[in-house]
Structure formats: structure tokens, C-alpha cells
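Novice: The structure is given below, and queries will be raised subsequently.
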Amino acid sequence: MKKVYLDHAATTPVDPRVLEAMLPYFTDSFGNPSSIHSVGLEARTAVAEARIKVASLIGAGTEEIIFTSGGTEADNLAIKGVAQANAHKGKHIVTTRIEHHAVEESCRYLERQGFRVTVVGVDLDGLVDPEDIERAITPDTILISVMHANNEVGTIQPVAEIGRIARARGVYFHTDAVQTVGHIPVNVNDLRVDLLAISAHKLYGPKGVGVLYIRKGTRIDPFMHGGGQERGLRASTENVPGIVGLGRAAEIAQAEMDAESKHATHLRDKLISGLLERIPQVRLNGHPTQRLPNNVNISVASIEGESLAVSLDLEGIAASTGSACSSEAMEPSHVLTAMGVPAELARGSVRFSLGKHNTEAEIDRVIEVFPRIVGRLRAVSPLWTGKS
Ligand SMILES: *Cc1c(COP(=O)(O)O)cnc(C)c1O
């Protein structure tokens, strides 16, 4: 049985064209970009070309692209680096209750270091109100961090509006755009962000490589010290094959984004209406329209999300409960909790995240299989009383 993979928010397969671009940089062109000889030059050129492709995808200058080991490192560098470099101006940070753990835990760490963090809530659709962000700003606020689109429920935040506020108030603005770059248009100037995190493996590139966009003139300290790579902001010999892969993935995304987004939106809407029609007492989590083209997150009353995901897996369908990082714990998702979804419903949540290789037939299969699983689990659930 061919697997139906519907967990692209957790990770995506490497596009064969990306792999093909990467391979020579493991063997023939293995040089160190810092070396002065021609072997090094070859690697240096490849990194420079990848930098142009990533910069072009997000409307940045090449000198504003810093390659990292992934989205997590990019978030850490943005938050800790800006906090460190601007602590003399103030020690207050504004963020939200729905951030990825990479942002959440970086802020928590800074709190232990004596910074103050204000955590703004969201509405029932998972939307941040820019006015709440503005109200949270104080004279010693140095950084605002609000993600572009949420990885669990797919809600796309009014980042450009928050960027306008941040700029007017002279506060640096970071966004985790790991779920949006390569999937929907992202332009750092339209969004008015100063720092933006990207991860290659969420856009059909390899794992272990990402980018922090840093607007020219932003005061930021590195936390990796060593050789002067990446303008001194991220020491260590560059992950040349990974960077080349990210560059190629960015190039492909730029060319194919429109078509892919239409494809995903079509399958997404088909899956949403198919499931909502066939299953009683379910709700769609996240904003009904202002959401990622590939995200479907639903809560099923009276069942544990874990049971649903395991049953789906037995049918060859890979989906996720909330976020991959917290699925070990039985705690309801912090995102759904922040949105005010009752704990009982939050625990019964499943996320389907679609990708470019998914087909109509696969979605039909989920629409057929999932209601059957729900019926079976509810039949043995002591919580289920609705006999519809
Ligand atoms: C996956 C993800 C990350 C982490 O990226 P890695 O490259 O796996 O470290 C950060 N933020 C969001 C929103 C993500 O979905």
C-alpha cells in the first residue's frame, strides 16, 4: 500500500531536482568556501549563487542572508542576538502565545537572563490583533516576535500591519516564516520585518539548513564564535551541499509557487468540506480563509488525537496531532489552548498538511477512511454520547 503523506508541516521530501543540485558538493566540489585555491572557489561560488536565489525569493539583499543550521537556529539567533546587542536600550520583548517552541523557549531563556517578556493572546481563529501588540510596547521594548503563519492551525498573521507598528515605534520585528516561505508570497519589505527565519526542509530542501534574514543596519550579536563566516554572525564551515539545496529549493518554489498553492488550496478545501460533511461534532481549527493553502486542522469530540493519528497510520495515512515536537506529551496543544479551544476538543485534534505530490485520489481516500475511524473509536469511547 502506497503511503499517503499528509504531514508536510513537519517536513517535506527533498525534491529530486534539489538532490541532483546538491550531490556534486559532497564529492567533486567538496571544497571549503574559505580556501583561497580553486577548489575552495568552486564551493564559494556555489554558496554565493544560493544566497542570490534565497534573497530573490524574499525580496532581500544578498548581504542580508545568513545561512544557519535550520529554522530553530535562525529563531534563536534573531531573538537572543538582538536581545544581547540591544540590552543597553531596553530589556523588554513582545511575543505571542502561539509561537513555535524555538521562539517560545528562546524568550523563556531570556526571561531567566533578566529580560521581561509580554506574551500577547490570540482570538478563536488564532489571529493576533495588531492593536494588542501595539498596547504591549513600552519605552524599553527592543523586539517584537510574531510568526507569519502558525504551523499547527495554519492561521496567517497580519504581519505587515504589525511591521508598520514596530517600525513607527522604533522596535525591531522578527517573524518566523518557516511555514510560509516557498508556499505563499513573502517579501521582507512588504512585511516590514527586520528579521525572518526560514527552514529548507519545509520547502522540499534538505534538513539541517536554514536562513536568518537580517535587515541591513540591524544591531545583532552572534552566538557562534569562530572563523568569520557569514559576516561574523555564524561561524563554522558552511554546509555547502545543504546551502546549494536550499538555493535550488528556493528557485523551484519561486517558479512553481502559484501552481502549487492552487493545487493545495483545492485539495485543502475538498478535504475540509468532505470531513465536516461526514463527521458529526467536528470543528475546523484556525481561520476559515486567512490560512495556509495546505493546512487542515480539525478537532473531533470525544476522541484522543493520538488514537486518530495511530489509526490513520495503520491505514497508510501519515498525519499529525498538533505539532510534532509536543506529540509525545498528552498535554493539549498550547496553540489550541491559547485560541480558547476547550481541552477536551483540543486533545482530539488532527492536522493534515498537504504537499505538491498529493493527489485528488489520496484526498478521496482520507475522506472515506477517516469518518470510519472516527465512528469506530467513538463506539468504544466512554466520552461519546452523541448517537447520531
Ligand atoms: C519546523 C519549524 C521550525 C523549526 O525549523 P527546523 O529547521 O526544523 O529547526 C521553526 N518554526 C516553525 C514555524 C516550524 O514549522
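The values are calculated or read from the model by the stated rules, or taken from the named source; none is laboratory data. Note that the structure is a prediction, hence the values are computed from the model and not measured. Cβ: placed from backbone, ideal geometry, glycine included. Neighbour counts: every protein chain shown. These accessible areas exclude ligands, DNA and RNA; they are computed on the full protein's heavy atoms, side chains included. Shrake-Rupley method; radii C 1.70, N 1.55, O 1.52, S 1.80 Å.
Novice: Considering only segment 319-349, how many residues are of a type in the set (Gly, Ala, Ser), within 16 Å of the ligand (Cβ to nearest atom), in a helix (DSSP H, G or I) and modelled with pLDDT of 90 or more?
Specialist: Selection size over segment 319-349: 1.
Novice: Additional query: Taking the criterion of being open to solvent by 20 Å² or more (accessible area, probe 1.4 Å), under 30 Å from GLY121 (Cα atoms) and modelled with pLDDT of 95 or more, would at least one residue in segment 236-248 satisfy it?
Specialist: Within segment 236-248, none of the residues are open to solvent by 20 Å² or more (accessible area, probe 1.4 Å), under 30 Å from GLY121 (Cα atoms) and modelled with pLDDT of 95 or more.
Novice: Can you tell me which condition PRO222 does not meet? The list is (1) within 19 Å of LYS80 (Cβ to Cβ); (2) touching a His at 6+ places or on another chain (Cβ under 7 Å), and all the others hold.
Specialist: PRO222 satisfies all of (1) within 19 Å of LYS80 (Cβ to Cβ); (2) touching a His at 6+ places or on another chain (Cβ under 7 Å) except (2).
Novice: What number of residues in segment 1-51 are touching a strand residue (DSSP E or B) at 6+ places or on another chain (Cβ under 9 Å) and farther than 23 Å from THR359 by Cα?
Specialist: Residues in segment 1-51 being touching a strand residue (DSSP E or B) at 6+ places or on another chain (Cβ under 9 Å) and farther than 23 Å from THR359 by Cα: 3 in total.
Novice: Take ARG108 and tell me if it is without any contact (Cβ under 8 Å) to a residue 40 or more places away in the chain, within 16 Å of the ligand (Cβ to nearest atom) and open to solvent by 30 Å² or more (accessible area, probe 1.4 Å).
Specialist: Answer is yes for this residue.
Novice: Using beta carbons and a limit of 6 Å, which pairs, at least six apart or on different chains, have the first residue in segment 200-221 and of a type in the set (D, E, K, R) and the second one within 16 Å of the ligand (Cβ to nearest atom) and open to solvent by 10 Å² or more (accessible area, probe 1.4 Å)?
Specialist: Going by the 6 Å Cβ cut-off, the qualifying pairs are LYS202/VAL178; LYS207/HIS201.
Novice: Just the residues that are surrounded by fewer than 22 Cβ atoms within 10 Å (Cβ to Cβ) and either modelled with pLDDT under 95 or not small (Gly, Ala, Ser) (or both), please, taken from segment 261-274.
Specialist: LYS262, HIS263, THR265, HIS266, ASP269, LYS270, ILE272 - these are the residues of segment 261-274 that are surrounded by fewer than 22 Cβ atoms within 10 Å (Cβ to Cβ) and either modelled with pLDDT under 95 or not small (Gly, Ala, Ser) (or both).
Novice: Test ASN285 against the criterion of being of a type in the set (S, T, N, Q), crowded, with 19+ Cβ neighbours inside 10 Å and assigned by TED's automatic domain parsing to the domain that holds ASP75, and give yes or no.
Specialist: Here the answer is no, as ASN285 does not meet what is asked.
Novice: From the list GLY61, GLY40, which one is open to solvent by less than 60 Å² (accessible area, probe 1.4 Å) and either touching a residue at least 12 places away in the same chain (Cβ under 8 Å) or among the aliphatic types (A, V, I, L, M) (or both)?
Specialist: That would be GLY61, the only listed residue that is open to solvent by less than 60 Å² (accessible area, probe 1.4 Å) and either touching a residue at least 12 places away in the same chain (Cβ under 8 Å) or among the aliphatic types (A, V, I, L, M) (or both).
Novice: Applying the selection to segment 91-105, what residues are away from the ligand (no atom under 16 Å from the Cβ) and open to solvent by less than 10 Å² (accessible area, probe 1.4 Å)?
Specialist: Selection gives HIS92, ILE93, VAL94.
Novice: MET257 - would you say it is on the phi < 0 side of the Ramachandran plot and within 16 Å of the ligand (Cβ to nearest atom)?
Specialist: No; evaluated as a whole, the condition is false for this residue.
Novice: For segment 343-380, which residues satisfy the criterion of being small (Gly, Ala, Ser) and either surrounded by 18 or more Cβ atoms within 10 Å (Cβ to Cβ) or touching a strand residue (DSSP E or B) at 6+ places or on another chain (Cβ under 7 Å) (or both)?
Specialist: Answer for segment 343-380, where residues must be small (Gly, Ala, Ser) and either surrounded by 18 or more Cβ atoms within 10 Å (Cβ to Cβ) or touching a strand residue (DSSP E or B) at 6+ places or on another chain (Cβ under 7 Å) (or both): ALA346, GLY348, SER349, SER353, GLY355.
Novice: Here's a follow-up. Just to check your reading of the model, which residue among ASN86, ASN151, ASN76 is over 26 Å from LEU233 (Cα atoms) and either assigned by TED's automatic domain parsing to the domain that holds VAL193 or more than 16 Å from the ligand (Cβ to nearest atom) (or both)?
Specialist: The conditions single out ASN151.
Novice: Take the conditions within 18 Å of HIS334 (Cβ to Cβ), surrounded by 24 or more Cβ atoms within 10 Å (Cβ to Cβ) and not charged (D, E, K, R) and apply them to ILE79. Does it pass?
Specialist: yes
Novice: Looking at (1) of a type in the set (S, T, N, Q); (2) touching an Asp or Glu at 6+ places or on another chain (Cβ under 8 Å); (3) open to solvent by 50 Å² or more (accessible area, probe 1.4 Å), which is the one condition that is false for SER320?
Specialist: For SER320, the failing item is (3).
Novice: On the given criteria, is VAL14 within 16 Å of the ligand (Cβ to nearest atom) and open to solvent by 30 Å² or more (accessible area, probe 1.4 Å)?
Specialist: Criteria met by VAL14.
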